[in-house]
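Visitor: Before we start, here is the structure in question, set down as structure tokens.
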Amino acid sequence: AQSVTQPDIHITVSEGASLELRCNYSYGATPYLFWYVQSPGQGLQLLLKYFSGDTLVQGIKGFEAEFKRSQSSFNLRKPSVHWSDAAEYFCAVGAEGGTYKYIFGTGTRLKVLA
Amino acid sequence: GAGVSQSPSNKVTEKGKDVELRCDPISGHTALYWYRQRLGQGLEFLIYFQGNSAPDKSGLPSDRFSAERTGESVSTLTIQRTQQEDSAVYLCASSLKSGGAGEQYFGPGTRLTVT
């Protein structure tokens, strides 16, 4: 069965520091992979997505993620965090072939120290 | 509107009452999804509508939950005889096309509290 694991429930970084949020997935075929961000009181906003091709994906707000098939990972990175990046981040997997049921991880809550 | 909208934004109800949650998808989006987000957990798929096809209701947790969608417009999620475990944020999303490649756009959610 498909699953998504985000091992870090909370992460705290200082403003200006680099960030990496981990995501591991379990899926037998080629996955579609997504990172969403959820600010307090807001819906989820898509940061980036991977379908195929270049395994390093650039997204909005300076985020990037790298798909590593051998590690079943799709970690999210940002070289320099801003205070406005404090939010909850969700990794999700969608299945190739038309399955629309995204499987979401449990989320990582990011706190940014001034 | 420019995005997916949901109403109400917050709903407090007594155990045993029925509630109705509304979702207005982005105009032109044929696919519509409902998810439930319990505190500290990820999103749980509930139901999916695609055009005039029969909806996929496989994620609905019990027969107290139902949803309707008229054509490619508004959808309502109804919870009958609410229980405290129904307390959660209910998120609606829509996408231009179905399938794993269809990017889903989310509304702000309805926070349901059952007392």
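The values are calculated or read from the model by the stated rules, or taken from the named source; none is laboratory data. Computed from a predicted structure; not experimentally measured. Glycine gets a Cβ as well: all are built from the backbone with ideal geometry, and neighbour counts include every protein chain shown. To get the accessible areas, we keep the full protein, side chains included, count just its heavy atoms, and leave off ligands, DNA and RNA. Shrake-Rupley method; radii C 1.70, N 1.55, O 1.52, S 1.80 Å.
Visitor: I'd like to know if the range B:15-25 contains one or more residues that are within 28 Å of A:Asp8 (Cβ to Cβ) and either hydrophobic (A, V, I, L, M, F, W, C) or touching a residue at least 24 places away in the same chain (Cβ under 8 Å) (or both). First the steps, then the outcome.
Guide: Here is the first cut: in the range B:15-25, the ones within 28 Å of A:Asp8 (Cβ to Cβ) are none.
No, there is no match, as no residue in the range B:15-25 is within 28 Å of A:Asp8 (Cβ to Cβ) and either hydrophobic (A, V, I, L, M, F, W, C) or touching a residue at least 24 places away in the same chain (Cβ under 8 Å) (or both).
Visitor: Pairs only if they're at least six apart or on different chains, beta carbon under 9 angstrom, first in the range A:60-71 and more than 11 Å from A:Leu48 (Cα to Cα), second open to solvent by 40 Å² or more (accessible area, probe 1.4 Å); list them, first residue then second.
Guide: Note: pairs meeting the criteria are A:Phe67/A:Asp54; A:Phe67/A:Thr55; A:Phe67/A:Leu56; A:Lys68/A:Thr55; A:Arg69/A:Thr30; A:Arg69/A:Thr55; A:Gln71/A:Asn24.
Visitor: Need at least 2 residues that are surrounded by 14 or more Cβ atoms within 10 Å (Cβ to Cβ), more than 8 Å from chain B (Cβ to nearest Cβ) and hydrophobic (A, V, I, L, M, F, W, C) per element, so show me which strands (runs of 3 or more DSSP E) inside the range A:24-101 make the cut, counting only ones lying wholly within it. Explain how you work it out, then say what you get.
Guide: Working: elements: A:24-26, A:31-38, A:44-50, A:56-58, A:64-68, A:73-78, A:87-95.
Qualifying strands (runs of 3 or more DSSP E): A:31-38, A:44-50, A:64-68, A:73-78, A:87-95.
Visitor: Just need a number here: residues in the range B:9-26 that are within 12 Å of the chain's Cα centre (by Cα) and surrounded by fewer than 17 Cβ atoms within 10 Å (Cβ to Cβ).
Guide: 2
Visitor: For the range B:62-115, give me the residue count where each residue is within 14 Å of another protein chain (Cβ to nearest Cβ) and among the acidic types (Asp, Glu). It would help to see each step written out before you state the result.
Guide: We begin by selecting, within the range B:62-115, every residue within 14 Å of another protein chain (Cβ to nearest Cβ); these are B:88-111.
Adding the requirement that they be among the acidic types (Asp, Glu) leaves B:103.
Of the residues in that region, 1 qualify.
Visitor: To continue, here is another question. May I ask you to list the residues in the range B:31-63 that are open to solvent by less than 30 Å² (accessible area, probe 1.4 Å), in a loop (DSSP other than H, G, I, E, B) and in contact with a strand residue (DSSP E or B) (Cβ under 6 Å, 6 or more places away or on another chain)?
Guide: Selection gives B:Gly42, B:Gly59.
Visitor: Every residue in the range B:64-112 that is modelled with pLDDT under 95, polar (S, T, N, Q) and open to solvent by 20 Å² or more (accessible area, probe 1.4 Å), please.
Guide: Residues satisfying the conditions are B:Thr70, B:Ser73, B:Ser98.
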